[in-house]
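Visitor: Submitted below is the structure of interest, expressed as structure tokens.
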Amino acid sequence: MRTPIIAGNWKMNGSLALLEDFGHAFSEAALPESIEVVILPPFPYLANADEAFEASLVQLGAQTVNPEEQGAFTGEVSASMLKEFGVRFVLVGHSERRTLFREDDSAVLARARAALNSGLTPILCVGETLEEREAGRTESIVLGQIDAVLGELDSQQRRELVIAYEPVWAIGTGRTATPEQAQQVHAAIRQHLHAYEHELGNGVRLLYGGSMKADNAAQLLAQPDIDGGLIGGASLKTDDFLAICHAAG
Ligand code: PGA
């Protein structure tokens, strides 16, 4: 059985006050024990988040990591620094990083390696644009992004990854993939993982991301190959995010 993950990517949003709200809401409300819950706040809030979620089941994630260990890389943060603040997960290849910060497949691979070398779990994000979908290229784009990373890792490292399928046209647009559309791509990803190694296909958790909300989460999460969600906008409201956690539990 794959344990579902619900991960909240705050992006460049939030505040100390919001963190405090989450700390209260998530320590008081019983989260389902059958799932993992991860919150990924901006870097400056990690220390406070580590404290705020100390008594809860919430785990911490970061939104990116630099491939280098240390040095003259102004503005950047390394995996070992994240570890010092209790971070367990890190996003790599989010479409906003790929587009706005020009991170290509080799940059994504370098970040995934840095995370794995420090014992962090990379959440590898993949997804097609609307144009690519309409041209019938969804699977080749998504599987290509996966191969660019998995093809360079060893079998043990591959098993440590989490993969998030996030159609670019569904991120922050309010336009969600239908459960059938999402399941179709998830099934193709899982089949592709099986081709690497049977156990890999069975074990790797595949999250869906892109306008997942309290009112559509249950249907998406009910799909056989969807093992959780990566949530942006709806992870900024305690009630909405809790409702999504309960839809997974
Ligand atoms: P969204 O973002 O839920 O606001 O669409 C998802 C993401 O970017 O991970």
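Visitor: Using beta carbons and a limit of 7 Å, which pairs, at least six apart or on different chains, have the first residue in region 2-28 and touching a residue at least 12 places away in the same chain (Cβ under 8 Å) and the second one surrounded by fewer than 16 Cβ atoms within 10 Å (Cβ to Cβ) and aliphatic (A, V, I, L, M)?
Guide: Hits for this filter: Ser27/Ala55.
Visitor: Would you call Glu76 within 16 Å of the ligand (Cβ to nearest atom), out of contact with any His (no Cβ under 7 Å at 6 or more places or on another chain) and among the charged types (D, E, K, R)?
Guide: Taking the combined requirement at face value, the residue does not satisfy it.
Visitor: A follow-up question, please. Does any residue in region 204-230 that is open to solvent by 10 Å² or more (accessible area, probe 1.4 Å) come within less than 7 Å, Cβ to Cβ, of a residue that is within 11 Å of the ligand (Cβ to nearest atom) and among the basic types (Lys, Arg) six or more places away or on a different chain, and which pairs are these?
Guide: Ser211/Arg175
Visitor: Let me ask another. When residues of region 77-102 are filtered for being within 27 Å of Gly172 (Cα to Cα) and loosely packed, with under 15 Cβ neighbours inside 10 Å, how many remain?
Guide: Qualifying residue count for the region: 4.
Visitor: For residues that are at pLDDT 95 or above and among the hydrophobic types (A, V, I, L, M, F, W, C), scanning just region 54-72, find the one that is surrounded by the most Cβ atoms within 10 Å (Cβ to Cβ).
Guide: Val65
Visitor: So which helices (runs of 4 or more DSSP H) are wholly in region 91-160 and hold at least 3 residues that are closer than 19 Å to Pro67 by Cα?
Guide: Passing ranges, in order: 95-100, 105-117, 138-150, 155-160.
Visitor: With the checklist (1) under 21 Å from Thr129 (Cα atoms); (2) open to solvent by 60 Å² or more (accessible area, probe 1.4 Å); (3) touching an Asp or Glu at 6+ places or on another chain (Cβ under 9 Å) in hand, flag the one item Gly233 doesn't pass.
Guide: Answer for Gly233: the failing condition is (2).
Visitor: Ok, one more. Here are Ala248, Ala187: which of them is more than 10 Å from the ligand (Cβ to nearest atom) and touching a Pro at 6+ places or on another chain (Cβ under 7 Å)?
Guide: Within the list Ala248, Ala187, the selection yields Ala248.
Visitor: Then there is this: Could you pull out the residue among Ile163, Ile189 that is touching a strand residue (DSSP E or B) at 6+ places or on another chain (Cβ under 8 Å), farther than 19 Å from Gly136 by Cβ and β-branched (Val, Ile, Thr)?
Guide: Ile163
Visitor: Being closer than 28 Å to Phe241 by Cα and without any contact (Cβ under 8 Å) to a residue 12 or more places away in the chain is true for just one of Gln156, Gln184. Which residue is that?
Guide: The unique qualifying residue is Gln184.
The values are calculated or read from the model by the stated rules, or taken from the named source; none is laboratory data. All of these numbers come straight from a predicted model, not from anything done at the bench. FYI the Cβ positions are ideal-geometry reconstructions off the backbone, even for glycines, and counts take in every protein chain you see. Accessible surface is based on the protein model in full, side chains and every heavy atom, while ligands, DNA and RNA are left aside. Shrake-Rupley method; radii C 1.70, N 1.55, O 1.52, S 1.80 Å.
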